[in-house]
1. Among (1) surrounded by fewer than 19 Cβ atoms within 10 Å (Cβ to Cβ); (2) touching a strand residue (DSSP E or B) at 6+ places or on another chain (Cβ under 9 Å); (3) modelled with pLDDT of 95 or more; (4) among the hydrophobic types (A, V, I, L, M, F, W, C), which single condition is Val5 missing?
2. Could you please give the count of residues in segment 13-32 that are touching a residue at least 60 places away in the same chain (Cβ under 8 Å) and either more than 11 Å from Gly96 (Cβ to Cβ) or surrounded by fewer than 20 Cβ atoms within 10 Å (Cβ to Cβ) (or both)?
3. For residues that are assigned to a helix (DSSP H, G or I), of a type outside the set (Val, Ile, Thr) and either surrounded by 12 or more Cβ atoms within 10 Å (Cβ to Cβ) or in contact with a Ser or Thr (Cβ under 7 Å, 6 or more places away or on another chain) (or both), tally how many sit in segment 55-84.
4. Determine the pairs where a residue that is of a type in the set (Ser, Thr, Tyr), located within segment 91-117, has a partner that is in a helix (DSSP H, G or I) with Cβ atoms under 7 Å apart, the partner being 6 or more residues away or on another chain.
5. Please determine, by comparing only the residues of segment 87-142 that are assigned to a loop (DSSP other than H, G, I, E, B), of a type outside the set (Gly, Ala, Ser) and out of contact with any Ser or Thr (no Cβ under 6 Å at 6 or more places or on another chain), which one is surrounded by the most Cβ atoms within 10 Å (Cβ to Cβ).
6. For segment 18-32, check the following and say yes or no: at least one residue is closer than 25 Å to Ile131 by Cα and of a type in the set (S, T, N, Q).
7. Output the number of residues of segment 19-29 satisfying the condition of being within 15 Å of Asn85 (Cα to Cα) and either among the charged types (D, E, K, R) or in a loop (DSSP other than H, G, I, E, B) (or both).
8. If you go through segment 6-18 one residue at a time, do you hit one that is more than 15 Å from the chain's Cα centre (by Cα) and either assigned to a helix (DSSP H, G or I) or of a type in the set (Asp, Glu) (or both)?
Amino acid sequence: MFRTVTDTFLASPQISTDDVAEAAKQGVTLIINNRPDDEDPNQPAGGAIAAAAQDAGLAYVAIPVTHAGFSVPQVEAMRSAIDENGGKTLAYCRSGTRSTLLWALAEAHTGRDPETIATEAANAGYDVGAIRSIMDAFAAAK
């Protein structure tokens, strides 16, 4: 269920509290929730995932992304969370796509090569084409 984007970043569709233990077994040290609460009436609440993460000794951060899209503060929050963690991160949303797109923007914001980022995302089954021009602009600004 978890897709490996890089050695230190995994993306996933919605996880359950039981999935937190599996993430810990796979070496994850941070879970990032990119899904707003109540997006779907059947999704687990972010607080339940946060509690399961704490019980498993994992850090947890919520950076919800709505249909409104991405903002620079969200990109910066993603970058900061990943950098502060320093270990393996699992980010999730409904399908894993928003998490991967936000990760890609955060990577490009550091000046990483957008083509490399796009290839890593594609190898995990995610297409970053919709945000490629933003990635290019972020990388060029560094």
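1. (1)
2. So in segment 13-32, the residues touching a residue at least 60 places away in the same chain (Cβ under 8 Å) come out as 13-15, 23, 26-32.
When the remaining residues are screened for being either more than 11 Å from Gly96 (Cβ to Cβ) or surrounded by fewer than 20 Cβ atoms within 10 Å (Cβ to Cβ) (or both), the result is 13-14, 23, 26-32.
Residues flagged as touching a residue at least 60 places away in the same chain (Cβ under 8 Å) and either more than 11 Å from Gly96 (Cβ to Cβ) or surrounded by fewer than 20 Cβ atoms within 10 Å (Cβ to Cβ) (or both) within segment 13-32 amount to 10.
3. Start the filter on segment 55-84 by keeping residues that are assigned to a helix (DSSP H, G or I), which leaves 55, 72-84.
Remaining after also requiring of a type outside the set (Val, Ile, Thr): 55, 73-74, 76-81, 83-84.
Add one more test, that the residue is either surrounded by 12 or more Cβ atoms within 10 Å (Cβ to Cβ) or in contact with a Ser or Thr (Cβ under 7 Å, 6 or more places away or on another chain) (or both), and what stays is 55, 74, 76-81.
The number of residues fulfilling the criteria is 8.
4. What qualifies is Tyr92/Ser99; Thr100/Ala121; Thr110/Arg79.
5. Restricting attention to segment 87-142, the residues satisfying the condition of being assigned to a loop (DSSP other than H, G, I, E, B) are 87, 93-96, 110-113, 124-128, 142.
Narrowing the set further to residues that are of a type outside the set (Gly, Ala, Ser) leaves 93-94, 110, 112-113, 126-128, 142.
Of the ones still in play, those that are also out of contact with any Ser or Thr (no Cβ under 6 Å at 6 or more places or on another chain) are 94, 110, 112-113, 127-128, 142.
On the way: Arg94: 15, Thr110: 12, Arg112: 17, Asp113: 13, Asp127: 13, Val128: 23, Lys142: 9.
Looking at the filtered set, the residue picked out is Val128.
6. Kept after step one, since they are closer than 25 Å to Ile131 by Cα, are these residues of segment 18-32: 30-32.
Subsequent filtering for residues that are of a type in the set (S, T, N, Q) retains none.
The answer is no, given that none of the residues of segment 18-32 is closer than 25 Å to Ile131 by Cα and of a type in the set (S, T, N, Q).
7. 1
8. First pass over segment 6-18, keeping only residues more than 15 Å from the chain's Cα centre (by Cα): 16-18.
Retained after the next criterion (residues that are either assigned to a helix (DSSP H, G or I) or of a type in the set (Asp, Glu) (or both)): 17-18.
Yes, some residue in segment 6-18 is more than 15 Å from the chain's Cα centre (by Cα) and either assigned to a helix (DSSP H, G or I) or of a type in the set (Asp, Glu) (or both).
The values are calculated or read from the model by the stated rules, or taken from the named source; none is laboratory data. Model, not experiment: these values are computed from the prediction. All Cβ positions, glycine included, derive from the backbone under ideal geometry; neighbour counts span all protein chains shown.
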